[in-house]
Amino acid sequence: VTSPCKILKCNSEFWAATSGSHHLGTEEAPEFCTALRAYAHCTRRTARTCRGDLAYHSAVHGIDDLMVQHNCSKDGPTSQPRLRTLPPGDSQERSDSPEICHYEKSFHKHSATPNYTHCGLFGDPHLRTFTDTFQTCKVQGAWPLIDNNYLNVQVTNTPVLPGSAATATSKLTIIFKSFQECVDQKVYQAEMDELPAAFADGSKNGGDKHGANSLKITEKVSGQHIEIQAKYIGTTIVVRQVGRYLTFAVRMPEEVVNAVEDRDSQGLYLCLRGCPLNQQIDFQTIRSAQATEGRARRKGPSLPAPPEAFTYETATAKCREKLPVEDLYFQSCVFDLLTTGDVNFMLAAYYAFEDVKMLHSNKDKLHLYERTQDLAPGNTAPSGTPPALWVALLCLSQCWLGLL
């Protein structure tokens with residue numbers, strides 16, 4: 001699945017044409033305006049397919065601001081000139097940074113270490129919220145994961161198989177908002193089979209402000225794993241491509257998580273609020289559907305089989321290879337193998353848990369459980385697990401025991 005929105009291409013063309021233009025004299029202003037008009041023309045061409053894209057709307061607003069700042073006319077030539085590249089020793093390479101651009105130094109100099117929280121999205125997709133609630137959701141299409149005063153994160157989920165209820169993340173957009181003298185606004189965008197090691201403008205840090213290096217992007221494994229450090233807000237983001245789909249994990253201080261001007265507008269902020277009830281998957285219903293499909297396949301070839309057929313026994317054995325502890329990451333792995341037949345979903349669950357081990361500040365909360373043997377008689381489900389999901393998973397685990 002590929003997105004028809006071409007905003008990433010528009011961004012790249014503009015920044016390639018104007019690299020270093022902010023260092024040039026007024027004699028280069030006409031060329032900059034020409035490139036800016038070409039940028040605007042490119043965004044107009046792709047406007048119809050980018051209506052829900054955060055990077056597109058950010059680009060449109062940015063163009064308007066730049067037009068005013070450089071006194072550019074909207075009418076004129078649009079051929080894209082190639083301007084001079086950044087000179088050696090440009091601010092992109094500066095290592096010095098003001099204290100305000102280091103979260104722990106600036107906000108917590110005389111107080112306790114901040115409390116960090118974690119959110120992750122992986123697989124079919126499975127969501128672990130900032131409050132350690134674990135959910136499996138449908139959330140097909142574009143959904144906001146994070147929306148606060150410092151950054152926005154939006155994911156797009158698409159069906160794994162035609163006609164299947166299983167979805168996975170095919171596109172991710174992260175917008176870091178301009179912050180004091182630390183960073184310029186930066187956009188990171190990844191899609192299936194395209195995991196860039198740079199922001200949309202080609203840079204790898206926060207731009208031209210004095211604290212630019214308080215925002216840096218690092219490639220860990222080419223085309224598979226990148227990490228973004230935003231020290232000015234104490235935040236670490238990990239993005240991976242596993243198989244054809246993307247995973248997301250973040251470590252963020254509670255103070256930043258809750259930095260919002262209008263809490264009422266955050267109803268769909270998944271990392272904080274979780275998935276809406278009508279988007280949460282009932283494991284019992286899905287299991288019944290799988291059983292129905294299995295009977296239909298035995299009667300005739302009318303329904304397409306997944307790429308690799310897993311039984312409960314083979315799925316359990318496969319997931320145990322990478323996830324020996326039978327927590328919700330293990331349960332999610334088994335569920336995804338049964339739903340999709342794609343062994344890469346086992347790796348997605350494995351890497352998601354590896355990211356939890358790296359990013360979660362409370363090592364006692366790495367594993368999340370739902371099994372009856374983890375509860376004393378008379379106890380209820382663990383506080384981090386929604387009751388409906390706990391009951392459904394409990395039924396599923398009991399069904400497994402009956403089959404073993």
Out of all the residues in the stretch 181-196, is one or more modelled with pLDDT under 90 and either open to solvent by less than 20 Å² (accessible area, probe 1.4 Å) or over 25 Å from Val343 (Cβ atoms) (or both)? yes
Condition check for Arg37: open to solvent by 80 Å² or more (accessible area, probe 1.4 Å) and either modelled with pLDDT of 85 or more or in contact with a Cys (Cβ under 9 Å, 6 or more places away or on another chain) (or both): no
Residue check, Leu215 among the aliphatic types (A, V, I, L, M), without any contact (Cβ under 8 Å) to a residue 60 or more places away in the chain and touching a Phe, Trp or Tyr at 6+ places or on another chain (Cβ under 9 Å): yes
Please specify each residue of the stretch 153-178 satisfying the condition of being open to solvent by less than 30 Å² (accessible area, probe 1.4 Å), modelled with pLDDT of 90 or more and not hydroxyl-bearing (Ser, Thr, Tyr). Val153, Gln154, Val155, Asn157, Ala168, Lys171, Leu172, Ile174, Ile175, Phe176
Residues of the stretch 117-144 satisfying the condition of being within 22 Å of Thr339 (Cβ to Cβ) and either polar (S, T, N, Q) or in a loop (DSSP other than H, G, I, E, B) (or both): Gly123, Asp124, Pro125, Thr129, Thr133, Gln135, Thr136, Lys138, Val139, Gln140
Wholly inside the stretch 145-262, strands (runs of 3 or more DSSP E) that include 2 or more residues that are out of contact with any Ser or Thr (no Cβ under 6 Å at 6 or more places or on another chain) and either among the polar types (S, T, N, Q) or under 24 Å from Thr129 (Cβ atoms) (or both) are 151-159, 167-176, 186-191, 225-230, 235-242, 245-253
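The values are calculated or read from the model by the stated rules, or taken from the named source; none is laboratory data. The structure displayed is predicted, hence computed values, not measured ones. Note: ideal-geometry Cβ built from the backbone for every residue, glycine included; neighbour counts use all protein chains shown. Accessible surface is based on the protein model in full, side chains and every heavy atom, while ligands, DNA and RNA are left aside. Shrake-Rupley method; radii C 1.70, N 1.55, O 1.52, S 1.80 Å.
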